[in-house]
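Each remark here refers to the structure printed beneath this line.
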Amino acid sequence: MTERPMIEAAGLHKRYGETKAVDGVSLAVPRGTILGVLGPNGAGKTTTVRMLTTMTAPDAGSVHVAGIDVVADPRAARRRIGVTGQDATLDELLTGRQNLQMIGRLSRLSKAAAAARADQLLDEFDLTYAADRLAKGYSGGMRRRLDLAASLVSRPEVLFLDEPTTGLDPTSRLRMWDVIRALVAEGTTLLLTTQYLDEADELADAISVIDHGRVIAHGTARELKAMVGGEQLELTLSEPSGAAAGALSALVTSDITTSDDGRTLRAAVTPGAGKATAIIRALDEAGIAVDDVQFHHPSLDDVFFALTGAPAEAPTPSDTELTEVA
Amino acid sequence: MSTLTAPTARPADAPVPPPAAEPSRSLVGRAREWVADVGVLTFRNLVHVRREPAQLSDATIQPVLFTLLFVYIFGSAMHIAGGGSYKMFAIGGLVTMNLTTASMGTAVGMSSDVATGMMNRFRTLPMSRSAILAGRTISDLLAAALCGTIVLLTGLAIGWRPDHGLVGVVEGMAVALLFAYALSWFTACLGLLVGDPESAQGVGLVILFPLAFLSTCFVPAAGLPTVPRIIAEWNPVSAVAGSCRELFGNPNPAALSDVWPAQHPVLMAVLSSLAILAICVPLASRLLRKATTD
């Protein structure tokens, strides 16, 4: 049985004056998965998220979240979703605990239930020690965690995270990733916008690239990278061999370049099952010993650049992905 | 690497707490939810007043300071037509002036909720949107009541006496607080239009200070040059100050004037408050809807 996607948007349009902010975006996110939404600044990511989360009404198109028509019944939709925006939306003058209790009360929990839920979340997010300090004294990482906790007060089935780790230090970032993975493992459906391509690579089951208000590419990180030009093969031989190029030629899709010392060979390949085995076997049959085989995937930065003509917004930690098979 | 336990949306091991209740369909149920929302937000705003030194001082120190300054500085050079001491004359005006300028707090509060993104958070909750405005204006009304009471206590401490006793004082305060509440809705509109607290404070000052000073709060209208005199005579702030003086049983030289508002200060004060509310309540609701939906 195919279940209806938990987030389903079709033909979303939104214009502000002359500007088409969103020009026909469609998305579908199955239950318990993460969709990463990438795009340059002003591509329409945030407007799309705002329409998905009842904050902005679309000019045209439909949005269903957890089966609820968001446009027709925004209040019912709000009971099922959690939203964490780009900027932490905390009440600086309340303590962490008071923030969560207030959200609980406004989510129609009883006083006792709101207090219990606040304690539980503070514990889960490692904030109990700071529960009674004012939020304005929290560090960046603590704020994000409290903000995410606030989005989880009413146990939403669907969660929208707009750039959840922007501005966080690497440790807080990894911690946030753990939190996000744990949520999805529990069955939460998640839509995540990010400017960190490695974050999308790391977390998202599928990625939609948005530019000029349209989805210009959709697929898994691997599929998107394959679109850009397959994978790069890098072979290191035990001894230089003039026969190696000939043995490989049937398996690669580009000219083979050989390093000066004659030990390293590079070429583009079409990824596929058993590729590495086939390459090693072909060289072995030609009597050539192989020290190392690596496939370099093109990075999402390459994908992003190829698709949008713009470099990724933020410098990312090295995005070179190495798959060692030998 | 991380000490976090899995933050669960639906933890398997924990007893499942009651989920957010389904929306009430009945009118009574919805009214009860609305009252609960307003209560939560009012409490939250009052916590803010207590924790924000600027807000707390507006409600507590500023009224003491203004009262002492005006009574002792202006009072030294002032003679009230129709007799009476400046001290007796001034307190009704000072209550009015303090509440008028304090109403700026609503603009600052509304605009900071927009600026900090708190409004976006509220927007994603299944709460009543009108409760945001109601909670804000009610907490500001309570802060205004505190502010007005402090003016009166300061007055009592330096020798002000209301001739009509406690009942008169309560009646006068009620008129002044109704006006302050109406002004709160007006400045809520300002705050939503401006959208950031610093500008809201600036715009509020530019509007409310002339409004408070071009009135009979500090001086009787009779001695003013023609244009300011006419403005002061018809300024609703003057009517509120006149109402306080009349109801407190303090000297009210405006009663000597034959301009209609001066003759009927309470009626004028109540009617102008209701007029402001009639315009600003629906306007603020519309502006809030705009601020929260684009």
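Just so you know, all these numbers are worked out from the coordinates, no wet-lab data involved. As the structure is a computational prediction, the values presented were derived from the model and not from experiment. Cβ sites come from the backbone with ideal geometry, for glycine too, and all protein chains shown count toward neighbours.
The figures follow:
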item	result
On Cα atoms only, tilt of A:275-285 relative to the major axis of chain A in degrees	20 degrees
Taking chain A and dividing mean pair separation by its residue count, relative contact order in percent (alpha carbons under 8 Å, at least six apart)	19 percent
Pairs beyond 30 Å (Cα-Cα), from A:Lys45/A:Lys225; A:Lys20/A:Lys136; A:Lys45/A:Lys111	A:Lys20/A:Lys136; A:Lys45/A:Lys111
Top of A:Thr19, A:Thr47, A:Thr95 by mean-square fluctuation, Gaussian network on chain A, Cα under 10 Å	A:Thr19
Choice from B:Arg51, B:Arg161, B:Arg229 showing the highest fluctuation, given a GNM over chain B with Cα pairs closer than 10 Å	B:Arg51
Percent RCO, i.e. relative contact order, over chain B, from Cα pairs under 8 Å lying at least 6 residues apart	24 percent
Euclidean distance between Cα centres, segment A:202-243 to segment B:238-253, Å	80 Å
Residue of A:Gly42, A:Gly167, A:Gly17 that the Gaussian network model of chain A assigns the largest fluctuation, springs spanning Cα pairs under 10 Å	A:Gly17
Part-to-part distance (alpha-carbon centres) for segment A:262-298 and segment A:57-88, which is given in Å	49 Å
Stretch gain in nm, segment B:Glu198-B:His79, where the contour uses 0.36 nm per residue and the Cα spacing is subtracted	39.0 nm
With 20 Å bins from 0: P(r) over chain A, alpha-carbon pairs, percent	28, 47, 21, 4
Per-selection Rg to Rh, the protein assembly as shown - Cα, Kirkwood hydrodynamic radius	1.16
Helix axis angle, A:170-185 relative to chain A longest principal axis, alpha carbon, degrees	80 degrees
For A:Met102, net neighbour charge (Lys/Arg +1, Asp/Glu -1) across residues whose Cβ lies under 9 Å away	+1
Using alpha-carbon coordinates, inclination of helix B:165-194 to the longest axis of chain B, degrees	60 degrees
Distance-filtered residues of segment B:78-113 - backbone nitrogen under 13 Å, label point 7 angstrom along B:Asp163 Cα→Cβ	B:82-85, B:88-89
Residue exposure sequence - B:Ser85, B:Ser112, B:Ser57 - by fewest surrounding Cβ within 10 Å	B:Ser57, B:Ser85, B:Ser112
Chain B: proportion of alpha-carbon pairs further apart than 28 angstrom, %	44 percent
